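Since the structure comes first, as structure tokens, the remarks are kept for the end.
The values are calculated or read from the model by the stated rules, or taken from the named source; none is laboratory data. Keep in mind it's a predicted model, so treat the numbers as computed, not measured. Cβ: placed from backbone, ideal geometry, glycine included. Neighbour counts: every protein chain shown. Protein only, heavy atoms only, side chains kept; ligands, DNA and RNA dropped before computing areas. Shrake-Rupley method; radii C 1.70, N 1.55, O 1.52, S 1.80 Å.
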Amino acid sequence: MSLRRLSQHIKDQNWFAVVLDFVIVVVGVFLGIQIGNWNTDLALNRKADNLERQLVFEMANEALSFRSFRIYYYDVQANGEAALADLTSINRLSDEDFIIKAFRATQFKKYVYRRYAFDDIVEAGITDRIKDQKLFSEADKFYKLRWQDDAERESRESSFRRLFRETVPLAIQRDAALNCGDPLLGIDSYAAATQFYEPDFSILQYSCSLSVSAEQIKLAALALREVRGLVPALRARMIDMDTTNKAIAFFDERLTPWRMTPEQFEKALKERAAL
């Protein structure tokens, strides 16, 4: 309608009306574009707010999971130190305890990331719309440095792990994995999982026993103690774990601000379900 009127005014050489119609058309187009931009901006802000709430929830999960990761590797190192003390005659263990602690010193834990909201924020290009930039910055550092992967790789590739697996009979390795390996903690809620924050909580320090015969254990312990290069390999493993555990402790402390009480977690869970 405005364009037909503008054309008619041009034919009639009504220049004031031409200018007025032109202004109306320009303003209309501008307002249309501006309203579209406002709507897009509001939608992106809502998306950023929703993802930020989810990111808070995920970082609380990361903080809890990483604490269990820290405890696990501290326990692995403690078992390795005990086995090394036996091998160097500082503190002799029973044959069974030696096999168990040496086995646990070979263990590793794979860390599972929970970075869904973080990835969605990055992929949507809305990092600058996150209100809590400290939260996003800490999540970015946590996911980029990936010390968890280094800990797993070093454990898998350690010479001590290889020597143990090459030397100890399969029956005893399987027995140790079944009876003295990673426990099923029976954690079915966040509240139950907060036990990881208790100062004396451990994962791989629980009492256990092997089901194979005493003679099998004796022969396996004797063979393992006589392996050439076992002491240097375990010593190197412990030194590597010093570095690994220091890095893990550093990130565990960095995640402290995102810890939640069970009540806070349940509230965040409900908010996330309502998104």
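Residues in segment 210-254 that are in contact with a Phe, Trp or Tyr (Cβ under 8 Å, 6 or more places away or on another chain) and of a type in the set (A, V, I, L, M): Ala221, Leu224, Leu230, Ala233, Leu234, Ala236, Met241, Ala247, Ile248. Do the conditions hold for Lys101, that is, is it of a type outside the set (Asp, Glu) and surrounded by 21 or more Cβ atoms within 10 Å (Cβ to Cβ)? For Lys101, the condition - of a type outside the set (Asp, Glu) and surrounded by 21 or more Cβ atoms within 10 Å (Cβ to Cβ) - is met. Under the condition of being in a loop (DSSP other than H, G, I, E, B), farther than 20 Å from Asn45 by Cβ and open to solvent by 30 Å² or more (accessible area, probe 1.4 Å), the residues counted in segment 114-160 number 3. Among the conditions (1) over 25 Å from Phe66 (Cβ atoms); (2) under 32 Å from the mean Cα position of the chain (by Cα), the only one that Val231 does not satisfy is (2). The residues of segment 206-259 that are closer than 27 Å to Ala60 by Cα and aliphatic (A, V, I, L, M), listed by number, are Met241, Ala247, Ile248, Ala249, Leu255. Scanning segment 198-234 for residues being closer than 27 Å to Leu184 by Cα and part of a loop (DSSP other than H, G, I, E, B) gives a total of 16. Scanning segment 171-194 for residues that are at pLDDT 95 or above, of a type in the set (A, V, I, L, M, F, W, C) and open to solvent by less than 50 Å² (accessible area, probe 1.4 Å) turns up Ile172, Ala176, Cys180. The condition of being touching a residue at least 40 places away in the same chain (Cβ under 8 Å) and either among the acidic types (Asp, Glu) or within 30 Å of Ala176 (Cβ to Cβ) (or both) holds for only one of Ile99, Ile126, Ile121, Ile130, that being Ile99. Looking across Val76, Val19, Val25, one residue alone is β-branched (Val, Ile, Thr), in a helix (DSSP H, G or I), surrounded by 11 or more Cβ atoms within 10 Å (Cβ to Cβ) and modelled with pLDDT of 90 or more. It is Val76. Scanning segment 79-94 for residues that are in a helix (DSSP H, G or I) and either in contact with an Asp or Glu (Cβ under 6 Å, 6 or more places away or on another chain) or open to solvent by 50 Å² or more (accessible area, probe 1.4 Å) (or both) turns up just one, Glu81.
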